[in-house]
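A short worksheet on the structure shown next.
The values are calculated or read from the model by the stated rules, or taken from the named source; none is laboratory data. No experiment lies behind these values; they were computed from the predicted model shown. Cβ coordinates were reconstructed from backbone atoms using ideal geometry, including for glycine residues, and neighbour counts include every protein chain displayed. In case anyone asks, the SASA skips ligands and DNA or RNA and just uses the protein heavy atoms, side chains included. Shrake-Rupley method; radii C 1.70, N 1.55, O 1.52, S 1.80 Å.
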Amino acid sequence: MPEKNVIIEFKNVSKIYKLKRKDKKVSKGEKKQYFYALKRISFEIPKGSIVGVLGTNGSGKSTLSTLLAGISSPDEGEIYINGEQALIAINTGLNGQLTGLENIELKGALLGLSKSRIREIIDGVVEFAEIGDFLYQPVKKYSSGMKSRLGFSINLCLNPDIIIVDEALSVGDKAFAQKCIKKMEELKKEGKTIIFISHSLLQVRNFCNTALWLEGGQLKEYGEINTVCDHYAAYVDEYNALPEKEKAKIRDTKFKERVIVSKKTGMFDFFRK
């Protein structure tokens with residue numbers, strides 16, 4: 001078990017997916033391919049930390065967020081979460097067929113909340129989200145920005161111990177994004193643990209005190225915010241300066257390093273030799 005002050009711990013955690021063939025035809029005895037979305041990563045997050053998660057596209061950031069939120073389980077390793085967590089991401093946890101109001105009521109019911117507590121959450125969401133009469137419209141009719149507003153507001157009003165924000169501020173208007181940052185600053189002062197996944201290096205630098213850098217499904221660096229951000233920025237600048245052929249070669253190499261081929265039908269028999 002982790003130390004008392006540690007609210008999140010990953011121990012050699014991997015998430016593995018089976019790769020689908022383009023033609024969907026698999027002959028008898030043909031080798032199966034598996035892909036490491038995350039590969040044997042380990043870290044500890046103390047309670048009250050504000051951790052910025054960095055990484056280029058396809059590095060495993062969203063996979064990490066679903067593991068942290070308990071939406072998916074690891075295929076290798078162990079995860080310890082000491083607190084109630086909520087994932088704030090576009091579309092995540094929202095039923096498109098239901099109205100905004102019905103989504104709030106459903107979320108509360110699934111958590112076993114009383115009717116009075118759900119009423120409080122509804123009032124809080126209405127005040128914070130500022131989506132007006134769209135609260136009574138099916139979520140499938142919402143823009144990406146409105147979905148982000150609703151999802152953000154619901155999870156903030158639930159008051160979880162751990163808040164995981166996965167690119168939820170990348171859509172919608174800047175005024176609402178600033179409102180969310182201001183609210184998260186208040187939660188930071190309250191001692192909440194926040195995992196902030198963003199492509200905005202400036203937002204990560206300004207808001208977080210620690211950074212976790214994923215690259216190619218592996219943990220590249222984890223530590224003091226400015227140190228990790230400087231290293232990540234230098235890496236991105238160096239990559240962007242390369243010719244397109246070199247970039248494609250690097251992407252291809254990274255992909256191949258994450259793929260494992262097996263003839264066995266049991267994935268775990270193969271991975272746990």
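With a/c under 1.5 counting as rounded, go ahead and sort the chain into rounded, prolate or oblate using the C-alpha gyration tensor (a ≥ b ≥ c being the square roots of the eigenvalues; past the cut-off, prolate if a/b is larger than b/c, else oblate). Prolate. Computing the accessible area with a 1.4 Å probe over protein heavy atoms, can you report the carbon and sulfur percentage for the chain? It is 50 percent, rounded to a whole number. If you take the Cα centroid of the range 95-167 and the Cα centroid of the range 172-235, the two points sit 24 Å apart. Taken along the Cα-to-beta-carbon direction at a fixed 7 Å, the label points for R117 and E246 span 5.6 nm.
Computed over the range 134-217, the range of Cα coordinates on each principal axis works out to 39, 32, 25 Å, biggest value leading. Note that the range 193-245 presents 50 Å² accessible area per residue, ligands and nucleic acids not counted, probe 1.4 Å. Using the average count of surrounding beta-carbon atoms within 10 Å as a protection proxy, the listed peptides 115-125, 63-73, 47-57, 251-261 rank, highest first, as 47-57, 63-73, 115-125, 251-261.
How much mean residue ellipticity at 222 nm does the chain get from its helices, if each DSSP H run of length 4 or more adds -39500 (n - 2.57) and you divide by all residues, to the nearest 500 deg cm²/dmol?
On the way: 9 runs with 106 residues, N = 273.
Estimated from H runs of four or more residues: -12000 deg cm²/dmol.
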